[in-house]
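Take a look at the structure set out below.
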Amino acid sequence: MFDAIGRLFQGFIDFLTPILIPDWKALVDLMPVFLLIGVVGPIVTLLLLGWFIYVVSKPRARIPYVDPQPRPAELLDGAPVYPPGEPYCAFDQLVLPPGTTRCPVCGRDAAVVCPKCGTGRQAYIDTCGTCGLVLKIDRNVPALRPAGPPPGGAAAA
């Protein structure tokens with residue numbers, strides 16, 4: 001009888017031994033998994049959540065694209081005034097869009113005034129012959145203009 005109680009007690013101890021005394025090597029082998037789940041996972045989750053909140057709530061510019069068109073030159077005492085660095089047609093008295101080398105109205109070569117020295121030259125020449133300033137304006141770059149005054153009704157000074 002004592003032998004049966006001893007075997008029962010020994011069986012109970014053998015059953016509880018793996019639960020109460022863990023296999024430390026197996027737990028150490030699981031350490032990278034615990035680090036991945038407990039440290040890296042929350043960091044990646046917070047980064048993704050922050051990125052999502054930024055993308056959803058960031059301000060967006062409301063500037064419509066305006067296709068540049070030739071516009072008449074400003075007149076000062078009856079003579080046209082052409083802005084430096086922008087191509088123009090003196091025959092038609094038009095200021096042309098950036099990157100234009102020929103007047104779309106008359107077909108003549110456009111001219112441009114050097115913003116550095118004020119010398120006039122043909123628009124298809126990139127370098128000023130007087131001061132050496134390289135002024136090449138690419139037509140592929142869109143010119144954006146604001147849609148109107150800022151919110152609140154008053155223009156910023």
- Query: Where nothing but the Cβ of Lys and Arg (+1) and of Asp and Glu (-1) is charged, how large is the charge dipole of the range 1-70 around its Cα centre, in debye to the nearest 20?
  - Reply: 540 debye
- Query: Can you give the angle from 0 to 90° between the axis of helix 41-57 and the longest principal axis of the chain, with both taken from C-alpha atoms, to the nearest 10?
  - Reply: 30 degrees
- Expressed in angstrom, Rg and Dmax over the Cα atoms of the range 1-119 are 41.3, 128
- Query: Between Leu46 and Lys25, what length comes free when the chain is fully extended (0.36 nm per residue of separation minus the Cα-Cα distance, one decimal in nm)?
  - Reply: 4.4 nm
- Under 14 Å from the Cα of Lys58, which aspartates and glutamates turn up, not counting those fewer than eight places away in the same chain? none
- Task: Mind putting a number on the dipole of the chain about its Cα centre? Charges go on the C-beta only, +1 for Lys and Arg and -1 for Asp and Glu, and I need it in Debye to the nearest 20.
- Result: 500 debye
- Message: Taking the solvent-accessible surface of protein heavy atoms with a 1.4 Å probe, what is the per residue accessible area of the chain in Å²?
- Response: 79 Å²
- Task: Scan the range 91-132 for trypsin sites (Lys or Arg not before Pro) in coil per DSSP, keeping those whose Cβ has at most 14 other Cβ atoms within 10 Å, and list them by number.
- Result: Arg108, Lys116
- Task: Can you tell me which of 49-58, 64-73 comes out highest on packing, and rank the rest after it, using the mean Cβ neighbours within 10 Å?
- Result: 64-73, 49-58
- Using helices alone, what [θ] at 222 nm do you get for the chain, with -39,500 (n - 2.57) per DSSP H run of 4 or more residues, divided over all residues and rounded to the nearest 500? -9000 deg cm²/dmol
- Rounded to a whole %, the carbon-and-sulfur portion of the accessible area of the chain at a 1.4 Å probe is 68 percent
- Task: Net charge near Val112: determine it from the other residues with C-beta under 9 Å of the C-beta of Val112, scoring Lys and Arg +1 and Asp and Glu -1.
- Result: 0
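The values are calculated or read from the model by the stated rules, or taken from the named source; none is laboratory data. On a predicted model such as this, the values are computed, not experimentally measured, just so you know. Cβ sites come from the backbone with ideal geometry, for glycine too, and all protein chains shown count toward neighbours. Each accessible area value is taken on the protein alone, full model and side chains, heavy atoms only, with ligands, DNA and RNA left out. Shrake-Rupley method; radii C 1.70, N 1.55, O 1.52, S 1.80 Å.
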